1. Can you pull out every residue in segment 164-200 that is free of Cβ contacts under 8 Å to residues at least 60 places away in the same chain and outside any strand (DSSP E or B)?
2. Which of the residues belonging to segment 253-272 are in contact with a Phe, Trp or Tyr (Cβ under 7 Å, 6 or more places away or on another chain) and not in a loop (DSSP other than H, G, I, E, B)?
3. Can you name the residue in segment 209-235 that is more than 17 Å from the chain's Cα centre (by Cα) and surrounded by 20 or more Cβ atoms within 10 Å (Cβ to Cβ) and, of all such residues, is nearest to S195 (Cα to Cα)?
4. Need the failing condition index for R222 against (1) more than 26 Å from L148 (Cβ to Cβ); (2) in contact with a His (Cβ under 7 Å, 6 or more places away or on another chain); (3) part of a strand (DSSP E or B), just the number.
5. Counting just the residues of segment 242-258 that are crowded, with 24+ Cβ neighbours inside 10 Å and among the aliphatic types (A, V, I, L, M), which one comes out nearest to D198 (Cα to Cα)?
6. Go through segment 153-177 and report how many residues are over 24 Å from E291 (Cα atoms) and surrounded by 22 or more Cβ atoms within 10 Å (Cβ to Cβ).
Amino acid sequence: MEKKRFTFEVKEEDSGKRLDKFLVEHLSDRCSRSFLQKLIEGGNILLGGNPAKSSHKLIPGDAVDVTIPEAELSALQAQKIPLDVVYEDEHLLVINKPAGLVVHPACGHYGGTLVNALLAHCKDLSGISGELKPGIVHRIDKGTSGLLVVAKTDEAHRKLAKQFKNKTIKRVYAALVKGVVQLDNGIVELPIGRSHYDRKKMAVKFDESSKEALTRYKVLKRFKDFTFIELVLGTGRTHQIRVHMSHIGHPLVGDDAYGGKGPLLSRPALHAKTLGFIHPATRKYMEFTAELPEDMRGIIEGQGNKL
């Protein structure tokens, strides 16, 4: 990623706004919130020529200068980790991620991730998400299997990220949930935020820290002790499906964190099976489907107690 510079003039309607909020509004299609925060902390955001803090309140007429440095990949090592590449061209890749594979490194833990595998697979990846997340437009949890789109160029990244922001990406999941779901179809529309009791978990919350979240589900097959369902995301909150299904009394099979612990599976039974989007270069709609992984398929096929 080449070094990029932007200058924004603070207008009347932005008066009193925090700097970090202002930057998210203007650069969320290019950078993640966490990356923008790193830019601030690294002195790459200037007000009047001087580094500014996230909490700085803006005044009309202020000039906000932003420098996005070149992505530094020196901390990351390319690793030959097997990849299931569903589709690839010069702009992007679609990967079928196995359960157990972390999508991107975190500070202090740089190995064994999808990003390490991607660095060994191809030379070019977008740098918009920062040095630890080259090419990563979106993510799914470590324990979730299924489809991800990865950007090779900054332009592809921006256009794909915009589709995610505008909720025009098609994302369909398959899951096994505990108990017998009574309704054939349902909608869970409940806000989600960080749990007050465990900061590693999310929860349904009704305060200013929560964000709207919408999940649609459809029953595919009922069994004695669990239900096979399909889910469509209306929003993309962290742990959204896991939180929503747990809240209505049907946690994902194998999901220890949200009440689904049991002998059938050692990870949440969730699979990102369908991914559809407009190709950022050709502008044609593309849709991909990944079959259920063996562990989930084995549970379904091994049950002779279907209702």
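The values are calculated or read from the model by the stated rules, or taken from the named source; none is laboratory data. Owing to the predicted nature of the structure, the values given are computational and were not obtained by experimental measurement. As a convention, Cβ positions derive from the backbone with ideal geometry for all residues, glycine included, and neighbour counts pool all protein chains shown.
1. N166, Q182, L183, D184, L190, P191, S195, H196, Y197, D198, R199, K200
2. Taking segment 253-272 and keeping what is in contact with a Phe, Trp or Tyr (Cβ under 7 Å, 6 or more places away or on another chain), we get 253, 270-272.
Scanning segment 253-272 gives L270, H271, A272.
3. Y217
4. Failed condition: (2).
5. V243
6. Summing the residues that are over 24 Å from E291 (Cα atoms) and surrounded by 22 or more Cβ atoms within 10 Å (Cβ to Cβ) in segment 153-177 gives 3.
Residue-wise test of (1) touching a strand residue (DSSP E or B) at 6+ places or on another chain (Cβ under 9 Å); (2) over 25 Å from V137 (Cβ atoms); (3) part of a helix (DSSP H, G or I); (4) at pLDDT 95 or above.
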{"residue": "E230", "(1), (2), (3), (4)": "yes, no, no, yes"}
{"residue": "S246", "(1), (2), (3), (4)": "yes, yes, yes, yes"}
{"residue": "T274", "(1), (2), (3), (4)": "yes, no, no, yes"}
{"residue": "F277", "(1), (2), (3), (4)": "yes, no, no, yes"}
{"residue": "P280", "(1), (2), (3), (4)": "yes, no, no, yes"}
{"residue": "E291", "(1), (2), (3), (4)": "yes, no, no, yes"}
{"residue": "G298", "(1), (2), (3), (4)": "no, yes, yes, no"}
